[in-house]
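**Student:** Here's a structure for you.
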Amino acid sequence: EVKLVTPMRFRVLDISHGVSNETSPRVVLQFLQALPQLEEFRFIGQRDNDLDDLAEPMPAASLPKLKLLLIGYTFCSRILLTCLDCPNLVELIVQSHVNASFIRGI
């Protein structure tokens, strides 16, 4: 479990190389909670995730300054789209097929 107390001031974050199969969407969302200044986020995850990760509610991450969001791979894409609050998002790039019926709240 990731517990970050001090917000970090990164404006751009690219996580697209070296993501382990152990990286869950929950951990990514918890990490994003500490990045309120983020303006660009690129995340290319892995295709296979543990469905048990959905047993508990996912944390919401508020990214009020995010303008560009690029996400890849179906499982992570759906969860991230559901749990990110990005009121100023201008550009969304999804590099996979999204099964919209899986997204909670639709």
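**Student:** For THR6 and THR82, calculate 0.36 nm times their separation in residues minus their Cα-Cα distance, and state this gained length in nm to one decimal. The partial results should precede the final answer.
**Tutor:** Numbers: separation 76, 0.36 × 76 = 27.36 nm, distance 2.47 nm.
Separation in residues times 0.36 nm, less the Cα-Cα distance, equals 24.9 nm.
**Student:** Further question: Which distance in nm do the two modelled labels at LEU13 and SER62 give, with both placed 7 Å along the Cα-to-Cβ direction?
**Tutor:** About 1.6 nm separates the two model spin labels.
**Student:** Can you give the FRET efficiency for GLN95 and GLN37, using 1/(1 + (r/R0)^6), R0 = 22 Å, r = Cβ-Cβ distance, to the nearest 0.05?
**Tutor:** Details: r = 25 Å, r/R0 = 1.12.
Calculated value: 0.35.
Taken together, the values in this text are just the output of simple stated rules run on the coordinates, not laboratory data. Because the structure is predicted, anything quoted here is derived from the model rather than measured. Heads up, the Cβs are rebuilt from the backbone with ideal geometry, glycines too, and the neighbour counts pull from every protein chain shown.
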